[in-house]
1. Being assigned to a helix (DSSP H, G or I) and of a type in the set (D, E, K, R) is the filter here; which residues of segment A:132-171 pass it?
2. Could you list all residues from segment B:264-281 that are touching a Ser or Thr at 6+ places or on another chain (Cβ under 8 Å) and part of a loop (DSSP other than H, G, I, E, B)?
3. Please verify whether A:ALA141 is at negative phi and either within 14 Å of chain B (Cβ to nearest Cβ) or loosely packed, with under 15 Cβ neighbours inside 10 Å (or both), treating the condition exactly as stated.
4. Out of the helices (runs of 4 or more DSSP H) lying entirely within segment A:177-258, which hold 1 or more residues that are more than 22 Å from A:SER113 (Cα to Cα) and either out of contact with any Ser or Thr (no Cβ under 9 Å at 6 or more places or on another chain) or more than 14 Å from chain B (Cβ to nearest Cβ) (or both)?
5. Among what's in segment B:40-57 and is more than 13 Å from chain A (Cβ to nearest Cβ) and farther than 13 Å from B:PHE12 by Cα, pick the residue that is surrounded by the most Cβ atoms within 10 Å (Cβ to Cβ).
6. Out of all the residues in segment B:205-226, which are surrounded by fewer than 17 Cβ atoms within 10 Å (Cβ to Cβ) and assigned to a loop (DSSP other than H, G, I, E, B)?
7. For A:ILE150, are the conditions met, namely being surrounded by fewer than 23 Cβ atoms within 10 Å (Cβ to Cβ), away from chain B (no Cβ under 14 Å), in contact (Cβ under 8 Å) with a residue 60 or more places away in the chain and farther than 30 Å from B:LEU154 by Cβ?
8. Suppose we keep only residues that are surrounded by fewer than 16 Cβ atoms within 10 Å (Cβ to Cβ) and part of a helix (DSSP H, G or I) within segment B:282-332. Which one would you say is nearest to the chain's Cα centre (by Cα)?
Amino acid sequence: MREQPLFRRRYDLSKMVMGSVVIGYVLLLILLPIGQLVHSTFGQGWSGFQRALLNPSALFSMKLTITLALLTAVINTVAGTISAYVLVRYPLPGKKILNAMVDLPFAIPTAVSGLMLLVMFGPKSILGGALQAKGIEVVYAPPGIVLAMIFVTFPFVIRSVQPILEDMGVEMVEAAKILGAGRWQTFFRVVLPTILPGILSGFTLTFSRALAEFGSVVMVAGNIPYKTQTAAVFIYGEIESGNLNNAGTVSLLLLILSFLLLFYQNYLLNRQRFGWWQRLLAKAGMGRKGKNSEFENWAI
Amino acid sequence: MSIEVRKLSKIFADGHRAVQDVSFELLEGEMTAFLGPSGGGKTTMLRMIAGLETPSSGEIYLSGRRVDYLPPQERQIGFVFQNYALFKHMNVFENIAFGLRVQKRNSAYIRERVSELLRRVDLKGLEQRLPDQLSGGQRQRVALARALATEPRLLLLDEPFAAIDAQLRKELRAWVRNLQKEMGITSIFVTHDQQEALEIADRIVVFKQGQVEQLGTPQEVYNSPQTPFVAGFVGEINRYQTGVKNGFTDLGVLKFPIKHQDGRNVIVVIRPEDVSLVPWSAQEDIQAMVLQTTFLGEFFKVDLELADLIRITAHVPKSQGIGLHPKDRVALRIKSFKTFDGLSQLETVFDPTRRAVQEESIFPVGEAV
């Protein structure tokens with residue numbers, strides 16, 4: 001029989017203290033405020049929540065935010081993946097400086113980012129004036145919001161794809177070439193499936209960050225209901241006018257969306273390093289004879 | 001497929017001359033080793049044959065057809081990378097099937113071919129595993145099967161056993177060797193391990209600083225090295241730089257007759273196994289004192305000091321080495337030695353005046369001083 005160090009195991013003081021600290025921290029800083037938000041929102045009962053939810057300007061702001069954030073995520077995912085590829089694979093002069101500059105949008109206060117865009121695309125600037133002359137609205141319009149969101153979330157996809165590309169090395173690509181695969185086949189069958197987790201993770205991060213963006217958006221696009229009022233701006237406006245119920249309801253919706261994204265990011269994406277979607281992609285890229293031939297033609 | 005390389009050079013963008021003016025010819029069906037120290041240009045050479053590097057100048061012919069301007073896709077070559085470079089998101093089956101899928105073979109053929117290869121490399125039942133779930137040896141065999149799937153005419157292996165632990169490496173070597181012989185596929189592998197090259201290659205190309213030092217069978221390379229570098233890289237040597245005096249090497253008691261002119265500088269090379277130890281006696285020409293003995297399993301490595309403070313290392317059988325101790329006095333006989341002038345070998349001399357070495361089990365007889 002083995003002797004069990006029962007005593008030590010039961011009363012590991014440091015473990016208990018550390019555990020309590022972490023639990024207390026999470027409770028105090030995260031769970032309690034969330035609980036309070038839920039409590040306040042339902043302060044006027046379910047009907048108040050329903051009324052706020054069906055409030056057309058609240059609905060508009062939610063729709064606008066989700067649409068523009070999705071657009072931002074798509075644009076930045078494509079641009080970010082290409083940028084990461086170039087940064088890792090191509091010998092560029094001044095690559096180190098370029099690489100360091102990628103992080104700038106994270107370092108700049110969002111209000112400053114917004115101001116920069118405002119100055120650049122405002123009616124008084126050359127670019128802004130020219131665009132306005134052609135009838136293209138940027139500032140105080142949805143394109144301005146997308147620009148702000150793109151600017152603020154620019155690093156996410158690059159920084160999540162870059163390490164995977166670096167880690168991947170060139171051997172897999174070389175192996176594919178020797179086995180007869182052309183440039184496009186190599187990209188779709190080998191490179192893309194390998195970096196897909198990074199792309200998806202970058203997409204999710206970009207999307208959730210764009211959903212939440214306030215400072216730069218309000219600076220570039222202002223607070224025009226039914227035109228440029230995003231969810232975060234809406235919440236701010238409702239608080240300003242003392243309408244806690246509306247603010248709380250939209251906040252709760254954003255919160256639920258964030259939870260879903262977080263769940264997706266942490267659970268679905270990381271549960272299996274190479275999930276079904278990747279295998280599907282690899283298979284689709286493979287294209288058996290006859291099947292998927294259109295894709296094949298397009299890919300090569 | 002026979003391979004011919006003519007005056008091939010590779011200068012990298014940073015000015016590094018990885019391969020310089022190399023020419024050689026390899027025969028069909030043979031297993032060739034590119035042997036040399038790291039930075040010798042052997043991997044660059046292999047990658048140029050595969051089409052992964054573009055030569056700066058020179059030509060490569062496979063079966064008489066010039067290929068150096070062709071992309072790797074069109075060379076019908078199988079390549080096993082040092083780190084295997086398996087597709088991490090594909091299971092074993094899909095990895096092996098990759099080349100066949102690219103060729104758009106029908107699925108029945110692919111299934112049959114892959115399962116045949118899996119049987120060959122002894123991995124049946126692991127079709128669904130991802131590369132992450134395999135051991136190093138298994139990964140290497142998947143890489144090999146993947147390279148062989150499209151029936152290449154030439155198989156290239158870049159340091160194929162470097163990442164595998166010693167025990168398994170020996171088994172895999174023999175296994176790869178058998179597979180190669182069975183399939184009769186012309187193969188080249190890169191290694192810095194001379195033992196590996198001697199063991200499984202039909203022919204060895206020794207590289208040094210981007211140039212070929214020698215090309216020959218393992219026996220030729222080992223027994224008649226053409227340069228002191230080859231002698232030292234393939235096997236161990238005692239190496240002495242000396243002059244010529246009255247037709248003899250100017251090495252004190254190691255006085256060998258040579259045909260060089262007096263005053264010339266020569267390099268004398270003696271392999272440790274060509275030094276045998278006999279009981280000390282005043283009549284022996286070369287007398288020595290044991291400095292140190294090291295047990296190396298199959299034999300003892302004995303470091304000795306001759307008169308004039310010249311040192312020499314001998315490999316002696318276990319039965320003999322066990323009775324030797326530091327400061328023992330013994331006598332030596334040199335069974336064979338080689339002399340080189342500059343970089344080229346001039347002659348190999350077996351000294352006929354010395355008595356043939358008899359039984360080596362007369363030891364232990366060393367006398368303590």
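1. Listed by number, the residues that qualify are A:ARG159, A:GLU166, A:ASP167, A:GLU171.
2. B:ARG271, the sole residue that qualifies.
3. Numbers: at negative phi: yes; either within 14 Å of chain B (Cβ to nearest Cβ) or loosely packed, with under 15 Cβ neighbours inside 10 Å (or both): no.
No.
4. On the way: elements: A:183-186, A:192-212, A:215-221, A:231-240.
Correct list: A:183-186, A:192-212, A:231-240.
5. Only one residue fits best here, namely B:LYS42.
6. Taking segment B:205-226 first, the residues surrounded by fewer than 17 Cβ atoms within 10 Å (Cβ to Cβ) are B:209, B:211, B:217, B:219-220, B:223-224.
Passing the criteria: B:GLN209, B:THR217, B:SER224.
7. Details: surrounded by fewer than 23 Cβ atoms within 10 Å (Cβ to Cβ): yes; away from chain B (no Cβ under 14 Å): yes; in contact (Cβ under 8 Å) with a residue 60 or more places away in the chain: yes; farther than 30 Å from B:LEU154 by Cβ: yes.
Against the criterion (surrounded by fewer than 23 Cβ atoms within 10 Å (Cβ to Cβ), away from chain B (no Cβ under 14 Å), in contact (Cβ under 8 Å) with a residue 60 or more places away in the chain and farther than 30 Å from B:LEU154 by Cβ), A:ILE150 qualifies.
8. B:LYS318
The values are calculated or read from the model by the stated rules, or taken from the named source; none is laboratory data. Keep in mind that what you see is a predicted model, and the values were worked out from it rather than measured. All Cβ positions, even for glycine, are placed from backbone atoms using ideal geometry, and neighbour counts span all protein chains on display.
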